[in-house]
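The values are calculated or read from the model by the stated rules, or taken from the named source; none is laboratory data. Everything numeric here is computed off the predicted structure, so don't read it as measured data. Because the Cβ atoms are built from the backbone with ideal geometry, glycine has one as well, and the counts that use them run over all protein chains shown. Just so you know, the surface numbers come from the protein's heavy atoms only, side chains and all, with ligands and any DNA or RNA stripped out. Shrake-Rupley method; radii C 1.70, N 1.55, O 1.52, S 1.80 Å.
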Amino acid sequence: MARIGIFGAGWVGLVTGVCFAELGHDVVIRDIVPEKIEALGRGEVPFHERDVPELLERNRRRLSFTLDANDVVGCELLFVCVDTPPTYAGDADLSRVWSVIEELPPLPVRSILVMKSTVPVGTGAKVRAGLDARGLADVGYVSNPEFLSEGRAVEEFMHPDRVVVGAFEDADADPVAALYEPLATPIVRCDVNSAEMIKLAANAFLMTRISFINEIANVCEATGADVVKVAEGVGLDHRLGPHFLRAGIGYGGSCFPKDSLALKQLASNSGYHFQLLSAVIEVNELQKRRVIGKLKRHLGSLAGRKVALLGLAFKPNTDDMREAPSIVLASRLLAEGAEVRGWDPVVAGHPALGGVELVGSVVEAVQGADAAVIVTEWPDLRELAREEVRRAMATPLIVDGRNLLDPALTRAAGFAYEGIGRPMSPTDVLPETTEREFAPELNR
Ligand code: UDX
């Protein structure tokens, strides 16, 4: 069993730490925020992520939390799990990575620095040079990107599709690959640059699939096809597969928006215009705003209208609001003069939701509302098309931003329904909506 040091007690660092502890390793997690370290010491997890509290509790004797970088002395493997947010130029900000290199204490045992943070291609070579310049030529370097998605991170850590280990020296890759052997997963061993690119390319491809199906959805709306059926038919082709073909109001989260921008800038800083990725990003921006057009088509001006935003986190099973489409939607609705009420089962508030009245139940959110928008596909919302909700609303209109509901059942329950990329029905015309406002050519 190894002794593992982890820099950064954020989402990636903590998931990595508790999972390695579960596999039997001793893990020291170091962060610079005292409140975070104190809370973790008391067994409290500072974010909502399935299975992490249980793993933390079960492995407490193998886990320690510290503010002191010297406490990683004696660890053979030092994982870097700090954030790499975008700079004003859209590049990845590596200042936290550099702080870790500066703070590394003298290491008596031969250690390997393992980069889990998402970094631009070429970072490993720069870190290698930085280590050498600090007299740490004996410290190895490995790139070992994470591919975990929020809400399923522990399960994905324990059952990965693959593990990527990029190294300058085989001898450095061996102990890192050995950590993952119990997981019986394919291990892709490669050079450091390629490992860094695998992470960026995988994310970019997933985003491309989302923006692709969102554009198909928009064309479905203009032509009367149903994107849910289209995605099913497309996804059964074994060359294409069914994943990341859910049309909706666009991707958000801590990774996709940031990493797409970082890859775009990495390409342009190297003199290459990554046109396809630029289009993927732009489609996603427009997709978030299309809900406003849908609401206007049914309600006319949104000034003074009451709109309920149901689900605020960027996806279900997390309380993460980073780059959540709900933020853009709320802000656009407020700018149009609408009154916005928000509900989410785990998000209690967020500075970017100023002006939105947050309430504790779906029924409170839709009380007197002219429209309810499903922003995040929380399972509780599957039951939205019920009598109690219809009676509470001033106008029974549901805009289903995640295609969560069955359109026929929703309409049968007395609601006007509009999904993303789904055919309209004559029953979707609200009593006060004129023919002109509802003309099919405006259905975009
Ligand atoms: C993602 C990657 O999946 C993961 O490999 C990487 O390490 C970090 O970024 P995460 O941000 O947790 O993980 O979320 P994910 O489940 O991938 O969803 C990202 C966004 O795409 C969400 O906003 C989600 O609603 C949206 N999405 C996903 C779609 O709109 N349609 C889909 O078909 C899939």
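Give the residues of the stretch 221-232 that are part of a helix (DSSP H, G or I) and more than 26 Å from the chain's Cα centre (by Cα), sorted by residue number. Let's see the steps before the verdict.
Keep residues of the stretch 221-232 that are part of a helix (DSSP H, G or I), which gives 221-223, 227-232.
Hits for the stretch 221-232 are Glu221, Ala222, Thr223.
Listed by position, the helices (runs of 4 or more DSSP H) enclosed by the stretch 13-131 that each have at least 3 residues that are touching a strand residue (DSSP E or B) at 6+ places or on another chain (Cβ under 9 Å) are 34-41, 95-103. Candidates are the residues of the stretch 208-225 that are buried (at least 20 other Cβ atoms within 10 Å of the Cβ) and small (Gly, Ala, Ser); the one that is nearest to Glu418 (Cα to Cα) is Ala217.
Kindly establish whether Ala195 is of a type in the set (A, V, I, L, M), more than 11 Å from the ligand (Cβ to nearest atom) and crowded, with 16+ Cβ neighbours inside 10 Å. Criteria met by Ala195. Here is the figure for the stretch 297-313: residues that are over 18 Å from Gly360 (Cα atoms) and either crowded, with 24+ Cβ neighbours inside 10 Å or free of Cβ contacts under 8 Å to residues at least 40 places away in the same chain (or both) total 4.
Here are some residues: Gly253, Gly271, Gly337. Which one is free of Cβ contacts under 8 Å to residues at least 12 places away in the same chain and over 24 Å from Arg390 (Cβ atoms)?
On the way: Gly253 fails: free of Cβ contacts under 8 Å to residues at least 12 places away in the same chain; Gly337 fails: free of Cβ contacts under 8 Å to residues at least 12 places away in the same chain.
The conditions single out Gly271.
For the stretch 253-271: of the residues being open to solvent by 10 Å² or more (accessible area, probe 1.4 Å) and in a loop (DSSP other than H, G, I, E, B), which is nearest to the ligand (Cβ to nearest atom)? So, considering only residues that are open to solvent by 10 Å² or more (accessible area, probe 1.4 Å) and in a loop (DSSP other than H, G, I, E, B), the one nearest to the ligand (Cβ to nearest atom) is Cys255.
Looking at Glu215, Glu181, which one is in a helix (DSSP H, G or I) and more than 14 Å from the ligand (Cβ to nearest atom)?
On the way: Glu215 fails: more than 14 Å from the ligand (Cβ to nearest atom).
Answer to the selection: Glu181.
On the given criteria, is Leu358 open to solvent by 10 Å² or more (accessible area, probe 1.4 Å) and either on the phi < 0 side of the Ramachandran plot or touching an Asp or Glu at 6+ places or on another chain (Cβ under 6 Å) (or both)? Steps first, answer last, please.
Numbers: open to solvent by 10 Å² or more (accessible area, probe 1.4 Å): yes; either on the phi < 0 side of the Ramachandran plot or touching an Asp or Glu at 6+ places or on another chain (Cβ under 6 Å) (or both): yes.
So Leu358 passes the test.
Of all residues in the stretch 371-397, those that are open to solvent by 20 Å² or more (accessible area, probe 1.4 Å), closer than 22 Å to Gly304 by Cβ and in a loop (DSSP other than H, G, I, E, B) total 2.
Within the stretch 272-289, the set of residues being of a type in the set (D, E, K, R) and within 13 Å of the ligand (Cβ to nearest atom) comprises Lys288 only.
Over 25 Å from the mean Cα position of the chain (by Cα), open to solvent by 50 Å² or more (accessible area, probe 1.4 Å) and in contact (Cβ under 8 Å) with a residue 12 or more places away in the chain: does that describe Asp51? Spelling it out, it is not the case that Asp51 is over 25 Å from the mean Cα position of the chain (by Cα), open to solvent by 50 Å² or more (accessible area, probe 1.4 Å) and in contact (Cβ under 8 Å) with a residue 12 or more places away in the chain. In this structure, does Glu196 turn out to be touching a helix residue (DSSP H, G or I) at 6+ places or on another chain (Cβ under 7 Å) and among the charged types (D, E, K, R)? So Glu196 fits the description; yes.
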